[in-house]
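The values are calculated or read from the model by the stated rules, or taken from the named source; none is laboratory data. Just so it is clear, the model here is predicted, and its values are computed rather than measured. A quick note on method: Cβ atoms are made from the backbone with ideal geometry, for glycine too, and the neighbour counts reach across all protein chains shown.
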Amino acid sequence: MIRLLIAGAHVLRTAEILVDVRHLRDRLLAVRRGDLPWHAVTSWAAELLADLADAAATTDLPQQPDRDAVDQLLAAVRERNLQ
């Protein structure tokens, strides 16, 4: 959930998918291992949720995807993989 909140705000602000989270590696692993107290995790999640809401309110991304463009992209990818 933490990683999705981070990625969601990033994509809304930059229109790019966030893949590299090395700068958060230690903290994310601490959550995964259970090394952070639950209140610290939920507090971080609340901060990220507020950040996501802010990013959603100010994003330049369109409200709806361009379905025709997505369909064309998927068709092209499938055709390339048939060869």
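Does any residue of region 70-81 turn out to be of a type in the set (A, V, I, L, M) and touching a residue at least 12 places away in the same chain (Cβ under 8 Å)?
Residues of region 70-81 that are of a type in the set (A, V, I, L, M), as a first pass: 70, 73-77.
Subsequent filtering for residues that are touching a residue at least 12 places away in the same chain (Cβ under 8 Å) retains none.
Looking for residues that are of a type in the set (A, V, I, L, M) and touching a residue at least 12 places away in the same chain (Cβ under 8 Å), one finds none in region 70-81, hence no.
May I ask you to list pairs of residues, at least six apart or on different chains, whose Cβ atoms are under 9 Å apart, with the first in region 43-67 being within 26 Å of Leu28 (Cβ to Cβ) and modelled with pLDDT of 95 or more and the second being in a helix (DSSP H, G or I) and among the basic types (Lys, Arg)?
Trp44/Arg27; Ala55/Arg13; Thr58/Arg13; Thr59/Arg13
Which residues, counting only those in region 11-26, are touching a helix residue (DSSP H, G or I) at 6+ places or on another chain (Cβ under 8 Å) and part of a helix (DSSP H, G or I)? Spell out how you get there, then give the answer.
Pass one, region 11-26, residues touching a helix residue (DSSP H, G or I) at 6+ places or on another chain (Cβ under 8 Å): 12-13, 16-18, 21, 24.
If the condition is that a residue be touching a helix residue (DSSP H, G or I) at 6+ places or on another chain (Cβ under 8 Å) and part of a helix (DSSP H, G or I), then Leu12, Arg13, Leu24 are the ones that fit.
Of all the residues that make up region 54-83, how many are under 21 Å from Ala7 (Cα atoms), in a helix (DSSP H, G or I) and of a type in the set (A, V, I, L, M, F, W, C)?
4
Hey, Asp35 hits all of (1) assigned to a helix (DSSP H, G or I); (2) exposed (fewer than 13 other Cβ atoms within 10 Å of the Cβ); (3) at pLDDT 95 or above but one; which does it fall short on?
Only one criterion in (1) assigned to a helix (DSSP H, G or I); (2) exposed (fewer than 13 other Cβ atoms within 10 Å of the Cβ); (3) at pLDDT 95 or above is unmet by Asp35, namely (1).
Do we have Asp60 as acidic (Asp, Glu) and loosely packed, with under 10 Cβ neighbours inside 10 Å here?
yes
Being within 15 Å of the chain's Cα centre (by Cα) and charged (D, E, K, R) is the requirement here; does Asp35 meet it?
Criteria not met by Asp35.
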